[in-house]
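Student: Below are the structure tokens for one structure; questions will follow.
The values are calculated or read from the model by the stated rules, or taken from the named source; none is laboratory data. Predicted, not measured: the structure shown is a model, and the values here were computed from it. Because the Cβ atoms are built from the backbone with ideal geometry, glycine has one as well, and the counts that use them run over all protein chains shown.
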Amino acid sequence: MSVSDISGLQYPIGQFQFNPQISAEERHRLIVGYVIFPDMLQTAVDGLTEAQLDTRYRPGGWTVRQVVHHLAESHMNAYVPDFDRKLWHPAWGTVSVDYLVQGCAWHARHHIAHITSLRERMGWVSSTRTEP
Ligand code: NI
């Protein structure tokens, strides 16, 4: 597997890019979008077997189960609606709330895509749901 193949597996939706000029509407769309992440994650792992849950999404990467755990753990912190306020994030250091809003939206999609792209590559269809 080449370096660019592995990078594609590691960043299925590309790397995070902060937009310092984000509009109020775009920001609102991101925050409202948060409510669908649990459903997206649920769909991503729907019907997977124990062995599938223990499969790594890339060589040296986490298993599907670890990705789910990581997302649940990292998204439990709430944020406050003062978007210029600076706060400290364990991975990103001192960042604005705006950065956190965009970063968390990217982060959830990033890890959900690890699972959905693995499923696609492996041809894993749901054992509990009939796919259209
Ligand atoms: Ni992460």
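Student: In the range 62-77, which residues are more than 11 Å from the ligand (Cβ to nearest atom) and either under 17 Å from TRP124 (Cβ atoms) or modelled with pLDDT of 95 or more (or both)?
Tutor: Listed by number, the residues that qualify are THR63, VAL64, ARG65, VAL68.
Student: Moving on. In the range 3-58, how many residues are more than 25 Å from ASP82 (Cα to Cα) and at pLDDT 85 or above?
Tutor: First, the residues of the range 3-58 that are more than 25 Å from ASP82 (Cα to Cα): 3-15, 39-58.
Now narrow it down to the ones that are at pLDDT 85 or above: 8-15, 39-58.
Within the range 3-58, residues that are more than 25 Å from ASP82 (Cα to Cα) and at pLDDT 85 or above number 28.
Student: Taking the range 21-42 on its own, how many of its residues are closer than 19 Å to LEU118 by Cα and surrounded by fewer than 15 Cβ atoms within 10 Å (Cβ to Cβ)?
Tutor: First pass over the range 21-42, keeping only residues closer than 19 Å to LEU118 by Cα: 37-42.
Keeping just the survivors that are surrounded by fewer than 15 Cβ atoms within 10 Å (Cβ to Cβ) gives 38-39, 42.
Total meeting the criteria: 3.
Student: Now, a different point. Do we find that ALA51 is under 30 Å from VAL3 (Cα atoms) and either without any contact (Cβ under 8 Å) to a residue 24 or more places away in the chain or of a type in the set (A, V, I, L, M) (or both) in this structure?
Tutor: Details: under 30 Å from VAL3 (Cα atoms): yes; either without any contact (Cβ under 8 Å) to a residue 24 or more places away in the chain or of a type in the set (A, V, I, L, M) (or both): yes.
Against the criterion (under 30 Å from VAL3 (Cα atoms) and either without any contact (Cβ under 8 Å) to a residue 24 or more places away in the chain or of a type in the set (A, V, I, L, M) (or both)), ALA51 qualifies.
Student: Among the residues of the range 96-122, count how many are over 21 Å from THR63 (Cα atoms), β-branched (Val, Ile, Thr) and either touching a helix residue (DSSP H, G or I) at 6+ places or on another chain (Cβ under 7 Å) or within 13 Å of the ligand (Cβ to nearest atom) (or both).
Tutor: 1
Student: Name the one entry in TRP92, TRP88 that is surrounded by fewer than 17 Cβ atoms within 10 Å (Cβ to Cβ), within 16 Å of the ligand (Cβ to nearest atom) and farther than 28 Å from SER2 by Cβ.
Tutor: So the residue among TRP92, TRP88 that is surrounded by fewer than 17 Cβ atoms within 10 Å (Cβ to Cβ), within 16 Å of the ligand (Cβ to nearest atom) and farther than 28 Å from SER2 by Cβ is TRP92.
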